[in-house]
Amino acid sequence: METIRGKKIILGVCGSIAAYKAAFLLRLLTKAGAEVQVIMTPDAVHFITPLTLSTLSGKPVLVDYFDEKTGEWNNHVHLALWADVILVAPASANTLSKFAAGACDNLLAAVYLSARSPVFLAPAMDLDMWKHPATQSNISALLSIGHHLIAPENGELASGLVGEGRLAEPEEIIQVLAAYFENVEKNAAVTGSFEENGALTAHAEKSGMLTAPAEGDGLSPERSAPSGQRLRGKNVLVTAGPTYEAIDPVRFIGNHSSGKMGFALAQELAAEGAGVTLVHGPVSVPVPEHPLIRSRAVVTADDMLTACLETFDGVDIVVMAAAVADYTPVETAAQKIKKSPDAEGELQIPVKKTTDILAALGQRKKDSQFLVGFALETEKEEEHALSKLQRKNLDLIVLNSLRDEGAGFGTDTNKITVFDRSGQRTQFPLRSKQQVAGDIIQMIIDRIG
Ligand code: CTP
């Protein structure tokens, strides 16, 4: 939390039942030493009073362009340029749609449009509103311009329905911010130009983003690239989901991989400006759509191998998140295998090894290419992960242990430990798959320079 000290944060609060959580969040932020300016949308004041938030922030809460009593103008440009980050929590469907469309009919939207700082969005809404293609397309648009999503959680919603849409917990939100500032400092330390007073100039220069007001009127025409464009121009191959190995026309050997981790990686990589080839096995969750993502559906390990080899020469980074079947039937029966009339009978299905795709890519790898593998283990986790890192000639390996609650297949969360070639071990807490994707990408960026 130390990295939050002294940071200037605009906390946008929208009209949502979850607005009450903004008070807890605000308290955590100020306790961590942040200077927080709260801006509420006009609807938000129906859910939590400005008085509560102004007391907790020690500053008047802003809602309108003008103070009706004094006639004073709340200068949205000045506010936007003041902030090190803009955090909107809760972000309503309405505000997300305004941000995505560039609408500007309230102070928060105007500050957002004038901002050059990174933007963190923590949505909260009913599950159907969250799932609606309109909201999802707004989210994709906002991710594609480099904003950070603090994904809503699954749980009981104000409507009584249960599902995705609950605002992330304040502790989780502040952790995301702390991790962000930590990375900014680390990057700046690498470039050697981070200023001790906590200014973000070094990161701003590195990512082409300005966080401090420009000289003069602060409206320099050299509007910089949004944050999160750090992989612009890089090509990345991501694999996701299981592979299915047919036994007969109706049965297959497969596994429980949902594809969610690989999809989150593809989405976050695209949000960083990378061109992503997403090769995925059979999945039931929606495949991410993004102008920078080109997806290719495959079924078997062999199909996935072919697709990966076709792409490999032209990519800078490979993230192999797919759970590829290790074995495939020696033969696929042309007709459905009938049950033996003998009730006790056993059925033997001869299988053979599939090609280890990652190991094959590791053998072909050029020095300029960066390979990331996953290791899902149930025992001797570290030993197995390190041996895979060596054996497959990887640059990073991401270890999941099925012994960790909330990690592994099907869940929306994951808990990872990452090892690099130098043996450095980095352990992360349980986080949403989207955030885990961000952590992995940060580790890649730190190492590819
Ligand atoms: N992998 C692959 N091709 C395979 C099997 C695995 O590319 N045929 C990749 C996975 O995508 C993952 C990594 O290798 O990135 C490790 O996969 P995992 O299943 O954990 O390990 P295996 O090497 O298959 O070893 P084991 O199943 O014995 O643990």
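Looking at Thr95, Thr70, Thr30, Thr41, which one is modelled with pLDDT of 95 or more, hydroxyl-bearing (Ser, Thr, Tyr) and over 17 Å from Ala122 (Cβ atoms)?
The conditions single out Thr30.
Considered as a group, the residues in the stretch 400-427 that are more than 13 Å from Lys260 (Cβ to Cβ) and among the polar types (S, T, N, Q) include one that is surrounded by the fewest Cβ atoms within 10 Å (Cβ to Cβ), and that residue is Ser422. Would you say Ser224 is among the small types (Gly, Ala, Ser), surrounded by fewer than 16 Cβ atoms within 10 Å (Cβ to Cβ), modelled with pLDDT under 95 and out of contact with any strand residue (DSSP E or B) (no Cβ under 8 Å at 6 or more places or on another chain)? Here the answer is no, as Ser224 does not meet what is asked.
Only a single item in (1) within 21 Å of Ala270 (Cα to Cα); (2) in contact with a Pro (Cβ under 7 Å, 6 or more places away or on another chain) is not met by Lys336, and it is number (1). Just one of the listed residues (Leu361, Leu347) is at pLDDT below 90 and over 23 Å from the mean Cα position of the chain (by Cα), and it is Leu347. Regarding the stretch 29-47, can at least one residue be identified that is out of contact with any helix residue (DSSP H, G or I) (no Cβ under 7 Å at 6 or more places or on another chain) and either under 21 Å from Glu171 (Cα atoms) or buried (at least 20 other Cβ atoms within 10 Å of the Cβ) (or both)? Scanning the stretch 29-47 turns up at least one residue that is out of contact with any helix residue (DSSP H, G or I) (no Cβ under 7 Å at 6 or more places or on another chain) and either under 21 Å from Glu171 (Cα atoms) or buried (at least 20 other Cβ atoms within 10 Å of the Cβ) (or both).
Scanning the stretch 9-23 for residues that are hydrophobic (A, V, I, L, M, F, W, C), within 12 Å of Pro90 (Cα to Cα) and touching a residue at least 60 places away in the same chain (Cβ under 8 Å), we see that the one that is surrounded by the most Cβ atoms within 10 Å (Cβ to Cβ) is Val13. Scoring Gln335 on the criteria (1) surrounded by fewer than 24 Cβ atoms within 10 Å (Cβ to Cβ); (2) assigned to a strand (DSSP E or B) leaves a single failure, condition (2). Of all the criteria given as (1) at pLDDT 95 or above; (2) within 12 Å of the ligand (Cβ to nearest atom), the one not satisfied by Ser257 is (1).
Please verify whether Thr332 is closer than 27 Å to Tyr244 by Cβ, of a type in the set (Val, Ile, Thr) and away from the ligand (no atom under 12 Å from the Cβ), treating the condition exactly as stated. When the stated conditions are applied, Thr332 passes them. Restricting attention to the stretch 6-31, the residues that are of a type in the set (A, V, I, L, M, F, W, C) and part of a helix (DSSP H, G or I) add up to 10. Selection of the stretch 130-160 for residues being touching a Ser or Thr at 6+ places or on another chain (Cβ under 8 Å) and over 28 Å from Leu79 (Cβ atoms) yields Ala134, Glu153.
When Thr3 is tested against (1) more than 26 Å from the chain's Cα centre (by Cα); (2) assigned to a helix (DSSP H, G or I), exactly one condition is not met: (1).
When residues in the stretch 278-309 are screened for being within 15 Å of the ligand (Cβ to nearest atom) and either β-branched (Val, Ile, Thr) or without any contact (Cβ under 8 Å) to a residue 40 or more places away in the chain (or both), 7 of them pass.
Where in the stretch 73-186 are the helices (runs of 4 or more DSSP H), entirely inside, with at least 1 residues that are surrounded by 16 or more Cβ atoms within 10 Å (Cβ to Cβ), in contact (Cβ under 8 Å) with a residue 24 or more places away in the chain and touching an Asp or Glu at 6+ places or on another chain (Cβ under 7 Å)? Per the criteria, 107-114, 127-131, 133-144.
When you look at Val318, is it over 26 Å from Val418 (Cα atoms) and among the aliphatic types (A, V, I, L, M), yes or no?
no
For the stretch 102-126, a residue qualifies if it is more than 19 Å from Phe47 (Cα to Cα) and more than 22 Å from the chain's Cα centre (by Cα), and the qualifying residues are Gly102, Ala103, Cys104, Asp105, Ala110, Val111, Leu113, Ser114. Going residue by residue through the stretch 241-250, is there one that turns out to be in contact with a strand residue (DSSP E or B) (Cβ under 9 Å, 6 or more places away or on another chain), modelled with pLDDT under 90, of a type outside the set (Asp, Glu) and in a strand (DSSP E or B)? No, the stretch 241-250 has no match at all.
The values are calculated or read from the model by the stated rules, or taken from the named source; none is laboratory data. This structure is a prediction, so every number in the text was calculated from the model and none was measured. Note that each Cβ is placed from the backbone with ideal geometry, even for glycine, and that neighbours are counted across all protein chains shown.
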